[in-house]
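**Q** I am attaching a structure below and will ask some questions about it afterwards.
The values are calculated or read from the model by the stated rules, or taken from the named source; none is laboratory data. No experiment lies behind these values; they were computed from the predicted model shown. Note that we place each Cβ from the backbone using ideal geometry, even for glycine, and neighbour counts take in every protein chain shown. Ligands, DNA and RNA are excluded from the accessible area calculation, which covers all protein heavy atoms including side chains. Shrake-Rupley method; radii C 1.70, N 1.55, O 1.52, S 1.80 Å.
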Amino acid sequence: MLEVETTVRGVLRDVLGLSDDRVAAFEADTPLFGALPELDSLAVAGVLTEMEDRLGILIEDDEVDGEMLESFGTLTRFAARKSLG
């Protein structure tokens, strides 16, 4: 899970152009979609594509919803479940 969390932090940093310090401060309950101005609907596609590439997972369109992107924790748990397979 720690490896997935580190990867998700890296994706958010790189795709959204966030600072290392800002991403390092994310807690499980840190809100994402709707709270981070950098994470708009266009950026979501980039974040998910980069997560697929870095984690070797496939995210289906019907899996993408607001709940998955609600917080850092929900996004990380989603990625961890997908990477376990």
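**Q** Considering only residues that are open to solvent by 90 Å² or more (accessible area, probe 1.4 Å), under 18 Å from Met1 (Cα atoms) and out of contact with any Ser or Thr (no Cβ under 9 Å at 6 or more places or on another chain), which ones fall in region 48-78?
**A** Hits for region 48-78 are Asp53, Leu58, Arg77.
**Q** How many residues are among the hydroxyl-bearing types (Ser, Thr, Tyr) and either touching a residue at least 40 places away in the same chain (Cβ under 8 Å) or under 15 Å from Glu5 (Cβ atoms) (or both) if we restrict to region 30-47?
**A** Qualifying residue count, region 30-47: 1.
**Q** Looking only at region 26-44, which residues are at pLDDT 95 or above and not in a loop (DSSP other than H, G, I, E, B)?
**A** Across region 26-44, the qualifying residues are Pro31, Ala43, Val44.
**Q** Could you tell me which of the residues Val8, Val4, Val23 is among the hydrophobic types (A, V, I, L, M, F, W, C), outside any loop (DSSP other than H, G, I, E, B), under 9 Å from the mean Cα position of the chain (by Cα) and buried (at least 16 other Cβ atoms within 10 Å of the Cβ)?
**A** That would be Val8, the only listed residue that is among the hydrophobic types (A, V, I, L, M, F, W, C), outside any loop (DSSP other than H, G, I, E, B), under 9 Å from the mean Cα position of the chain (by Cα) and buried (at least 16 other Cβ atoms within 10 Å of the Cβ).
**Q** I would also like to ask the following. Collect the residues in region 30-40 that are open to solvent by 60 Å² or more (accessible area, probe 1.4 Å) and over 13 Å from the mean Cα position of the chain (by Cα), keeping them in residue-number order.
**A** Residues satisfying the conditions are Gly34, Pro37.
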